[in-house]
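Participant: A single structure is presented below for examination.
The values are calculated or read from the model by the stated rules, or taken from the named source; none is laboratory data. Predicted, not measured: the structure shown is a model, and the values here were computed from it. All Cβ positions, even for glycine, are placed from backbone atoms using ideal geometry, and neighbour counts span all protein chains on display. For accessibility, only protein heavy atoms count, side chains too; no ligands or nucleic acids. Shrake-Rupley method; radii C 1.70, N 1.55, O 1.52, S 1.80 Å.
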Amino acid sequence: MVQARVTVDRDFTLGPVPRRLFGSFVEHMGRCVYTGIYEPGHPEAGADGLRRDVLELTRELGVSVVRYPGGNFVSGYDWEDGVGPVEQRPRRLDGAWHTLETNAFGLHEFVDWARQADVEIMEAVNLGTRGVAAARALLEYANHPGGTELSDLRRRNGAEEPFGIKLWCLGNEMDGPWQIGFKTADEYGRLAAEAARAMRMIDDSLELVACGSSNLSMPTFGAWEQTVLTHTYALVDYISLHVYYADSDGDVGSFLASGVDMDRFIEAVVATADFVRARDRHTKTINLSFDEWNVSYRHDPEHPVATEAEITRNWAEHPPIGEGDYDVTEAVVVGTLLNSLLRHGDRVKIANQAQLVNLLGLVRTQEGGPAWRQTIFYPFAAMAQTASGEILRLSVTSDHYTTARYGEADLVDASATWDAATGRIALFLANRSLDEAAEVTVPLHGFTADQVVSARVLATPEGGDRFSANTADASPVGLVDWDGAVLEDGALAVTLPALSWAVVEVAVTPS
Ligand code: AHR
């Protein structure tokens, strides 16, 4: 049996839970928009073409903010193509994904969707093929009340009221050679600074995100952040991070320890941003926007998924790119990535799981058919709905194991929040062991524990294995009520099944 001790102390808090940690991402890619959130004629779609079943699942997830319209897509996108009468919108080649973009869905449709989904919009501007002029024109179109050519065009296009978008990404993954119009750090830093300056001349209350590295293994990682922030520090609020983990080589131990790598990634970017602050005598702090994160599907030799390079999309409209069924293991890893983000909520203020529907999705849909919850839906929804109040800084001692990719990793992983308003502690616990249950003791310093309010666990389902997944026909994997969390002598005692992620809510009185 794995042993761990997770100590909670009321005096050790990191600050409020940032609601924007529970963000997601909708890109014009694969079937995320078309036949994902938008499918005119579908039995579940309203007159606006928005799928009500997907809207309902989005609200159930508790998603707070959604990044749009890309991703790599945005770096070749002309936002003007997506506004105005739909029948007059141009059909364009999307070079990022080698697909055909009809532009039937654009900014107004997304704003309508976001209102119905009850999410904030995080809008990205194109700094690949375009620049300062297009960024400020889009801002004027979206946010200016009226009386100018662009704001009046928005009104004529059916939106009398401005969209009021506060959060903007200055491009996407501009360090990547795959990006249309990719740049050196100096080229991008200068352009991002000038775009930010021009946007702030229209509205200084905007919150702006500069692109960090596309991932931790980029050869320019670190130097890129340093240079970009040297140009933009005074003008932006956040630097971005992106990562996708996968069980790509059968080394499941390393895959399960992905959260260890995410911790290090976050801490490295914090250190780099704070270095620039110190060196250049800035007083404000740059926070982190982890605006793409997820796991991608396991490599299964018996059911190989075509690699991106192998897929010939041949300029098709919304081909099924990057779709698959997430399994139990992937859901547990997603739970640990959520733990990592929450543990760093003093600096990671925005995080966007990528992507919402179909492509690496929390939700999957069939064209003309049902929508259902992937396994990774459950930890996301549970944390978004349960984490509240203050983040607790935990002390964790756990049995550990050695991984090829990341060195030593704790077998038990944890994060927690304390909400004085509800009198509840929420604990999010994972057991990375594939074959042993874990006994976790949770002393609650500064609290008297009154009762376990709820305890739910995601683990291998009865009759299944760690590869069990949800499909259109059956959903065997989810969070289920379980009796593995009890109060013993004022402490919480939790028994986690092998390979599991759990959420436990405890009613407490401060002592
Ligand atoms: O989310 C899929 C793609 O992954 C995004 O378009 C890009 O930004 C990232 O590389």
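Participant: Within the chain, which DSSP H helices have Cα atoms that stretch 30 Å or more along the helix axis and a mean Kyte-Doolittle hydropathy of at least -1.0?
Facilitator: On the way: long enough: 258-279 (32 Å, 0.30).
Taking the DSSP H segments of the chain (at least 30 Å long, mean hydropathy at least -1.0), we get 258-279.
Participant: Which shape class, rounded, prolate or oblate, goes with segment 350-485 when its Cα gyration tensor gives a ≥ b ≥ c as root eigenvalues, a/c under 1.5 marks rounded, and past that a/b bigger than b/c marks prolate?
Facilitator: Details: a/c = 1.78, a/b = 1.40, b/c = 1.27.
In terms of gyration-tensor shape, prolate.
Participant: Non-local amide H neighbours of residue 492 (under 5 Å, H modeled in plane, Pro and chain starts lacking H): which ones?
Facilitator: Under 5 Å from the amide H of residue 492: 442, 444.
Participant: I'd like the Karplus ³J(HN,Hα) series for segment 87-104: coefficients 6.51, -1.76, 1.60, θ = phi - 60°, whole numbers in Hz, and an x wherever there's a Gly or Pro.
Facilitator: For segment 87-104, the Karplus-derived couplings read 5, 9, 6, x, 8, 10, 7, 9, x, 4, 10, 6, 10, 9, 9, 7, 6, 5 Hz, x marking Gly and Pro.
Participant: For labels at residue 9 and residue 445 in the simple 7 Å Cα→Cβ model, what's the distance in nm?
Facilitator: Going from the residue 9 label point to the residue 445 one covers 0.3 nm.
Participant: Have a look at segment 1-92 and give its Rg and Dmax from the Cα atoms, expressed in angstrom.
Facilitator: Looking at segment 1-92, its Cα Rg and Dmax stand at 19.9, 65 Å.
Participant: Please list the non-local residues whose amide H lies under 5 Å from the amide H of residue 450, H modeled 1.01 Å from N, same-chain partners needing a gap of 5 or more.
Facilitator: So residue 450 has HN proximity to 507, 508, 509.
Participant: Roughly how big is segment 194-265's charge dipole about its Cα centre, with Cβ charges of +1 (Lys, Arg) and -1 (Asp, Glu), in debye to the nearest 20? Provide the component values of the computation, followed by the final result.
Facilitator: On the way: 3 positive and 11 negative charges, 50 e Å.
With only Lys, Arg, Asp and Glu charged at Cβ, the dipole is about 240 debye.
Participant: If I stretch the segment between residue 203 and residue 19 completely, what's the gain in nm (0.36 nm per residue apart, minus their alpha carbon distance), one decimal?
Facilitator: Taking residue 203 through residue 19 to full extension adds about 63.9 nm, to one decimal.
Participant: For residue 275 and residue 217, what does the FRET efficiency come to when R0 = 22 Å and r is the distance between their Cβ atoms, rounded to the nearest 0.05?
Facilitator: Values: r = 21 Å, r/R0 = 0.94.
After rounding, the FRET efficiency stands at 0.60.
Participant: Rounded to a whole number, what % of the accessible area of the chain do carbon and sulfur atoms account for, probe 1.4 Å?
Facilitator: 50
Participant: A further question on this structure: Taking the Cβ-Cβ separation of residue 47 and residue 346 as r and a Förster radius of 41 Å, what is the calculated FRET efficiency to the nearest 0.05? Show your work: numbers first, answer last.
Facilitator: Details: r = 44 Å, r/R0 = 1.09.
My answer for the efficiency is 0.40.
Participant: Still on this structure, please answer the following. Full-extension gain between residue 404 and residue 226, please, as 0.36 nm times their residue separation minus the C-alpha to C-alpha distance.
Facilitator: On the way: separation 178, 0.36 × 178 = 64.08 nm, distance 2.92 nm.
Answer, rounded to one decimal: 61.2 nm.
Participant: Got a sec? Charge dipole of the chain, +1 on Cβ for Lys and Arg, -1 for Asp and Glu; which of 100, 238, 372 is way out at the positive end?
Facilitator: 238
Participant: Report the extension gain between residue 282 and residue 161 in nm, rounded to one decimal, defined as 0.36 nm multiplied by the number of residues separating them, less their alpha carbon distance.
Facilitator: Working: separation 121, 0.36 × 121 = 43.56 nm, distance 3.70 nm.
Here the segment from residue 282 to residue 161 would lengthen by 39.9 nm.
Participant: When DSSP beta bridges are limited to those with both residues in segment 242-394, what percentage is antiparallel, rounded to the nearest 5?
Facilitator: Working: 3 of 12 bridges.
Taking every DSSP beta bridge within segment 242-394, about 25 percent pair in antiparallel fashion.
Participant: Quick one: what does P(r) look like for the chain with 10 Å bins over all Cα pairs, in whole %?
Facilitator: Pairs per bin, as whole percents: 4, 19, 29, 27, 16, 5, 0.
Participant: Compactness ratio of segment 431-511: Cα Rg over 2.2 N^0.38 Å, N = residue count?
Facilitator: Values: Rg = 14.9 Å, N = 81, 2.2 N^0.38 = 11.7 Å.
Here the answer is 1.27, to two decimals.
Participant: How big is the gap, in Å, between the Cα center of segment 99-149 and the Cα center of segment 228-296?
Facilitator: Between the Cα centre of segment 99-149 and that of segment 228-296, the gap is 26 Å.
Participant: Ok, one more. Which is farthest toward the positive dipole end of segment 18-386 among 176, 150, 328, measuring Cα position about the Cα centre, with Cβ charges +1 (Lys, Arg) and -1 (Asp, Glu)?
Facilitator: The residue sitting farthest along the positive end of the dipole is 150.
Participant: Could you list which residues have their amide H under 5 Å from that of residue 316, counting only those 5 or more apart in sequence or on another chain, with H placed in the peptide plane?
Facilitator: The answer is 100.
Participant: Measuring from a point 7 Å past the Cα of residue 268 along Cα-to-C-beta, which residues in segment 221-238 have an amide N at less than 19 Å?
Facilitator: 221-230
Participant: To continue, here is another question. For every helix of n ≥ 4 consecutive DSSP H residues, a contribution of -39,500 (n - 2.57) applies; sum these over the chain, divide by its total residues, and give [θ] at 222 nm rounded to the nearest 500 deg cm²/dmol. Walk me through the numbers before you get to the answer.
Facilitator: Numbers: 10 runs with 122 residues, N = 511.
Taken over the chain, the calculation gives -7500 deg cm²/dmol.
Participant: I would also like to ask the following. Provide the packing ranking of 28-41, 242-255, 144-157, 86-99, i.e. peptides ordered by the mean count of other C-beta atoms within 10 Å per residue, highest first. Can you show the working numbers first?
Facilitator: Numbers: 28-41: 23.9, 242-255: 17.4, 144-157: 13.9, 86-99: 15.6.
Per-residue Cβ counts within 10 Å, averaged per peptide and sorted highest first, yield 28-41, 242-255, 86-99, 144-157.
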